[in-house]
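Let me begin by presenting the structure, written as structure tokens, before commenting on it.
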Amino acid sequence: MTATEWITDIALVLIVFRQLREGRLDRKTFLLPLAIVAFVAYSYLDSVPTDGNDLVLIAALTAVGAALGIAGGIYTRIRALDGDLLIKAGAVSAALWIAGMGARMGFQTWVEHGGGADDVARFSLAHHITSQQAWVTAFVLMALTEVVTRVATIYLRSRTVRTAAAAPAARPVLGTTL
């Protein structure tokens, strides 16, 4: 892995660690992770391989990224306080985020430095995955999807929390029946 790849992956992990401490939900909460994955996508997605079972691999890892992102967004606490929205990543959310990022980093390190290249080549041959670019695309889209679905889930949930906080509480009136 290059220094840029390490820095990018660590930055994405630190985003969730920063959210382990409750803080204000603002544009930076959304824009920072999206900017990081946009940079990664721009740097690594030259093409999407479509030969053999390349699209199956890409779709499978993209689906894993979506599941991790949605679950991570659901397990992130959002609450209203004094007109602001506060966000705090729970232990489950952080664990899912680290699992997704760690799996990609671990796989890449294993392939490059742990002797896994031959195993991946055999697996690719047996399952009709035609190129290294298919693996790169699959893992980049997994990361991109995880980030986008997590951010989107948090955004949608924040809209619900904001709406609920802005609505006046329904109070029963004495002597009336519904």
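Listed by first and then second residue, the pairs with beta-carbon distance under 6 Å, at least 6 apart or on different chains, first residue in segment 159-172 and at pLDDT 85 or above, second surrounded by 10 or more Cβ atoms within 10 Å (Cβ to Cβ), are V161/I78; V161/A80.
Residues of segment 103-122 that are surrounded by 13 or more Cβ atoms within 10 Å (Cβ to Cβ) and in contact (Cβ under 8 Å) with a residue 60 or more places away in the chain: R104, M105, Q108, T109. The set of residues from segment 23-76 being open to solvent by 80 Å² or more (accessible area, probe 1.4 Å), free of Cβ contacts under 8 Å to residues at least 40 places away in the same chain, outside any helix (DSSP H, G or I) and not polar (S, T, N, Q) comprises just one member, Y75. If only residues of segment 135-163 that are touching a strand residue (DSSP E or B) at 6+ places or on another chain (Cβ under 9 Å) and surrounded by 22 or more Cβ atoms within 10 Å (Cβ to Cβ) are counted, the one that is farthest from A67 (Cα to Cα) is I154.
The values are calculated or read from the model by the stated rules, or taken from the named source; none is laboratory data. Remember, it's a predicted structure, so these values are computed and weren't measured experimentally. Please note: Cβ atoms are built from the backbone with ideal geometry, for glycine as well, and neighbour counts cover all protein chains shown. Just the protein is used for accessible areas: all its heavy atoms, side chains included, with ligands, DNA and RNA removed. Shrake-Rupley method; radii C 1.70, N 1.55, O 1.52, S 1.80 Å.
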